[in-house]
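J.: Mind having a look at this structure? Questions to follow.
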Amino acid sequence: MINLPGLSGIERPVILAPMEGITDHTFRRICLDAGADAGISEFIAAEALVRLVEKSFRKMEPAHGHEIRWVQIFGNNPDAVSRAAIIAEENGADIIDLNFGCPVKKIVHKGNGAALLKNLPLMQQIATATVAAVSVPVTAKTRLGWDFNSLVATEAALRLQDAGIRLLTLHGRTRSQQYGGVADWNAIAEVKNNQALSIPLIGNGDIDCAEKAINVFDRCGVDGIMIGRASIGNPWLFAQIKMALQGKKVILPTLAQKIEVCKKHLSDSIVQKGEKRGVLEMRKHFVHYFRGIPDFKPYKLALLKAVCSEEIEVILNQIEASYNAH
Ligand SMILES: Cc1cc2nc3c(=O)[nH]c(=O)nc-3n(C[C@H](O)[C@H](O)[C@H](O)COP(=O)(O)O)c2cc1C
């Protein structure tokens, strides 16, 4: 059982994964309202937080008053990361998560994210320093290893546990896989089943439906799951998984519900970022909300070209009218 703010007592939690450019507080709120048990912020550079860069503080804003603020930080310097964690705690973070898994070139080339998988002693130092610096719990998120020749997840997990990390999320891919191939849940299960590991392990990778979620809970014994890409345009997935875990029938959203949430997402995005950026950022989401709807291409193109919220509202109303008429 997980003993962390917001997650205590929740059996088999289903958590929104941190995603840079996606899990801003607008999207986190949508997923929390739709049934996610928790959500993690986009990653924040420790160095930027220490330099008090305004954007870093915006990434920490809560989705709503009662959200447990789980703030993710990345960096490769124990001093900078722990100072950033103190700033995050002072600004209301309830849990600090350390990113040791980001595979993106510009991040790893500077020794951050998944690059720490090549230097486990430094990963451990960062975790130890951060745990010592703050009074809120510290968690971490990593991958199986740098590549298939260096599968170090078990060693990383045990070192992080020694450092005082309270929960570990493991994405079942190596850094060299980036997002290709398939997540290896057997490797996640192997780490979970290590007798020396006592902290909760959250599994992550490729969960996109209730059946897969149930399968990995049953087969791998993980303490929770984290969902990233499949939640984009489908925040209903969280409730569907929760219902399936309780043996209840999964209910799919209607087109009207999709349009209603899409409109709310748009208006919240505009409140958060202003009309121009709010509309631009919604382009990442529209296509996903309407995935799988037949003959949708003309609407998709119109949504991606629209430059203001009124135009988008008109298109969304047309979509609703058109498909309801069928
Ligand atoms: C667009 C995008 C941005 C991401 N940003 C982060 C991030 O900021 N921090 C992090 O730990 N992982 C990040 N990830 C990785 C996800 O949290 C997750 O581990 C990965 O997508 C695998 O889970 P999934 O198969 O459910 O998507 C990102 C993934 C995507 C697709």
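J.: Give the residue that is nearest to the ligand (Cβ to nearest atom), with candidates limited to residues of the stretch 175-193 that are open to solvent by less than 40 Å² (accessible area, probe 1.4 Å) and out of contact with any helix residue (DSSP H, G or I) (no Cβ under 8 Å at 6 or more places or on another chain).
T.: Selected residue: ALA183.
J.: Further question: Quick one: count up the residues across the stretch 107-120 that are farther than 13 Å from ALA46 by Cβ and either without any contact (Cβ under 8 Å) to a residue 24 or more places away in the chain or buried (at least 24 other Cβ atoms within 10 Å of the Cβ) (or both).
T.: Here the count works out to 4.
J.: Can you go through TYR289, TYR299, TYR323 and tell me which one is among the aromatic types (Phe, Trp, Tyr) and within 20 Å of ASP24 (Cβ to Cβ)?
T.: Result of the check over TYR289, TYR299, TYR323: TYR289.
A quick yes/no check of all residues on (1) modelled with pLDDT under 95; (2) surrounded by 14 or more Cβ atoms within 10 Å (Cβ to Cβ); (3) closer than 24 Å to ALA321 by Cβ:
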| position | (1), (2), (3) |
| --- | --- |
| GLY224 | no, yes, no |
| GLY233 | no, yes, yes |
| LYS242 | no, yes, no |
| LEU252 | yes, no, yes |
| VAL261 | no, yes, yes |
| LYS273 | yes, yes, no |
| VAL287 | yes, yes, yes |
| PHE296 | yes, yes, yes |
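J.: Still on this model: Does the stretch 129-138 contain any residue that is more than 19 Å from PRO5 (Cα to Cα) and either in contact (Cβ under 8 Å) with a residue 12 or more places away in the chain or open to solvent by 60 Å² or more (accessible area, probe 1.4 Å) (or both)?
T.: Yes, there is a match, as at least one residue in the stretch 129-138 is more than 19 Å from PRO5 (Cα to Cα) and either in contact (Cβ under 8 Å) with a residue 12 or more places away in the chain or open to solvent by 60 Å² or more (accessible area, probe 1.4 Å) (or both).
J.: Could you figure out which of (1) closer than 20 Å to CYS262 by Cα; (2) in contact with a helix residue (DSSP H, G or I) (Cβ under 6 Å, 6 or more places away or on another chain); (3) open to solvent by less than 10 Å² (accessible area, probe 1.4 Å) isn't true of VAL14?
T.: (1)
J.: Follow-up question, since we're still on this one. Just to verify a result, which residue in the stretch 194-221, among those that are among the polar types (S, T, N, Q) and over 25 Å from ILE95 (Cβ atoms), is surrounded by the most Cβ atoms within 10 Å (Cβ to Cβ)?
T.: Among those that are among the polar types (S, T, N, Q) and over 25 Å from ILE95 (Cβ atoms), it is ASN215.
J.: Which one of these does GLY247 not meet: (1) open to solvent by less than 60 Å² (accessible area, probe 1.4 Å); (2) at pLDDT 95 or above?
T.: Only one criterion is unmet by GLY247, namely (1).
The values are calculated or read from the model by the stated rules, or taken from the named source; none is laboratory data. All figures in this text were calculated on a predicted structure; none of them were measured in a lab. Counting neighbours? That spans all protein chains shown, and the Cβs are built from the backbone with ideal geometry, glycine included. Remember, those area values only see protein heavy atoms, side chains included, never the ligands or the DNA or RNA. Shrake-Rupley method; radii C 1.70, N 1.55, O 1.52, S 1.80 Å.
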